[in-house]
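Remarks on the structure that follows.
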Amino acid sequence: MRLPARGRAAGKVILLGEHAVVYGRPALAAGLPLGLEAEAVAGHGPARLESDGYTDDPRSARLVAEAAAAVGLEPRDVVVRVRSELPAGVGVGSSAALAVAVLRALAAAAGRRLVRDEEVAIATRLEAIFHGHPSGIDPAAAALGGCFRFVRGTPAVIAPVRPAVPLPLVIAFGARPRSTGAAVMGLRARWEAEPARHEALFDAVATTVEDGARAAEAGDLAALGRAFDRNQALLEALGVSAPEVEALVARARASGALGAKLTGGGAGGAVIALARAPERLAAALGADGTQTIVAHVGAATEAAAVSASEGY
């Protein structure tokens, strides 16, 4: 085993298409410049993870053990230390970034470099330790960075989307943290009760995703903003939004956003807003203490990197 070994993965935003992606429709996602770093070092006894956010979570030891086994290592005598720039539980892919970064660190320790589809598939299985039945879009964003169209499958169909200009986003965290699993299960129950209605809503989301991808590639921020707004209305119709999310979306629009919507699991968590002057919008939203991040997304991020022994 080559130690120390390090891996890094990106956070993510789902620009368009969350929830419908679970039902076979496309989604548009992008990696964030913020990410998570994992370092594998020598230890004693069962493999474990050290992190402020995950050390006491019994699932973290399982994550390290399964990642080690996936790259041919014995799950012992190694400690994975994690440093994260990502807030947890707000829809920016912290658990997927953890899965990818840990996997990359252990793959580097094993002297292996995983190909894209293999890495995303393994990371999706690892993320399932935290989220049950993930679509795979979060691990794809964590691994790839950049902007891409995603359709769930085995393997997933992933196609790059190349925005004509970096997309200026404000990510706001004023809403309460949420459980992605609870939102997904609630939607599943409603879909089973009214399949025709929900399939029509999912089809409308798919159209919005394709419109938004074309707008991004054309550099038409106004059209992309309209796609954000249409997607938010559809998410509300699907029952995966929440009053505090909708209040934050309304504030963003009133403060000059071209469009705004929830991102990720919904029912709380993060809101993304597209703005020509994102710093000004962030200041307006932050006036009441709302936490914000300004990010220009769409290009390949530096967060998708891995190295062994010699450093980052």
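Does segment 64-122 hold any residues that are closer than 11 Å to residue 7 by Cβ and under 13 Å from the mean Cα position of the chain (by Cα), and which are they?
Of everything in segment 64-122, those that are closer than 11 Å to residue 7 by Cβ and under 13 Å from the mean Cα position of the chain (by Cα) turn out to be 97, 98, 99, 100.
Look at segment 217-261 and say how many of its residues are more than 22 Å from residue 168 (Cβ to Cβ) and charged (D, E, K, R).
3
Any chance you could count how many residues in segment 207-233 are closer than 15 Å to residue 14 by Cα and of a type outside the set (D, E, K, R)?
Here the count works out to 11.
Take the residues in segment 194-251 that are touching a strand residue (DSSP E or B) at 6+ places or on another chain (Cβ under 7 Å) and more than 23 Å from residue 147 (Cα to Cα), then tell me which one is surrounded by the most Cβ atoms within 10 Å (Cβ to Cβ).
Result: 245.
Each row is one residue, and each column tells you yes or no for (1) surrounded by 15 or more Cβ atoms within 10 Å (Cβ to Cβ); (2) touching a Phe, Trp or Tyr at 6+ places or on another chain (Cβ under 9 Å); (3) of a type in the set (Phe, Trp, Tyr).
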site: 33; (1), (2), (3): yes, no, no
site: 40; (1), (2), (3): yes, no, no
site: 44; (1), (2), (3): no, no, no
site: 52; (1), (2), (3): no, no, no
site: 63; (1), (2), (3): yes, yes, no
site: 71; (1), (2), (3): yes, no, no
site: 79; (1), (2), (3): yes, no, no
site: 103; (1), (2), (3): yes, no, no
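Against the definition (part of a loop (DSSP other than H, G, I, E, B), under 22 Å from residue 147 (Cβ atoms) and of a type in the set (D, E, K, R)), how does residue 276 come out, yes or no?
Considered against the rule, which asks whether it is part of a loop (DSSP other than H, G, I, E, B), under 22 Å from residue 147 (Cβ atoms) and of a type in the set (D, E, K, R), residue 276 comes out as yes.
Can you spot a residue in segment 185-203 that is within 16 Å of the chain's Cα centre (by Cα) and not polar (S, T, N, Q)?
No, segment 185-203 has no match at all.
Suppose we filter 192, 199 for residues that are among the acidic types (Asp, Glu) and touching a residue at least 12 places away in the same chain (Cβ under 8 Å); which single one remains?
Sole residue among the options that is among the acidic types (Asp, Glu) and touching a residue at least 12 places away in the same chain (Cβ under 8 Å): 199.
All but one of (1) surrounded by 24 or more Cβ atoms within 10 Å (Cβ to Cβ); (2) at pLDDT below 95 hold for residue 261; which doesn't?
(2) is the only condition that residue 261 fails.
Among the residues of segment 32-40, is any at pLDDT 90 or above, within 30 Å of residue 203 (Cα to Cα) and of a type outside the set (S, T, N, Q)?
Within segment 32-40 (the criterion being at pLDDT 90 or above, within 30 Å of residue 203 (Cα to Cα) and of a type outside the set (S, T, N, Q)), the answer is yes, since at least one residue qualifies.
Taking segment 171-189 as the region of interest, how many residues are modelled with pLDDT under 75 and either charged (D, E, K, R) or outside the structural domain of residue 257 (by TED's automatic domain parsing) (or both)?
Total satisfying the criteria: 2.
Somewhere in segment 130-137, is a residue in a helix (DSSP H, G or I), on the phi < 0 side of the Ramachandran plot, buried (at least 24 other Cβ atoms within 10 Å of the Cβ) and in contact with a Lys or Arg (Cβ under 6 Å, 6 or more places away or on another chain)?
No; the residues of segment 130-137 include none that is in a helix (DSSP H, G or I), on the phi < 0 side of the Ramachandran plot, buried (at least 24 other Cβ atoms within 10 Å of the Cβ) and in contact with a Lys or Arg (Cβ under 6 Å, 6 or more places away or on another chain).
List the number of the failed condition for residue 159; all other conditions in (1) of a type outside the set (Val, Ile, Thr); (2) free of Cβ contacts under 8 Å to residues at least 24 places away in the same chain; (3) crowded, with 17+ Cβ neighbours inside 10 Å; (4) touching a strand residue (DSSP E or B) at 6+ places or on another chain (Cβ under 7 Å) hold.
Every condition holds for residue 159 apart from (3).
Only residues that are of a type in the set (Lys, Arg) and at pLDDT below 95: list them for segment 1-31, please.
Selection gives 2, 12.
The values are calculated or read from the model by the stated rules, or taken from the named source; none is laboratory data. Values in this document were obtained by computation on a predicted structure and should not be read as measured data. Cβ atoms come from the backbone with ideal geometry, glycine included; neighbour counts cover every protein chain shown.
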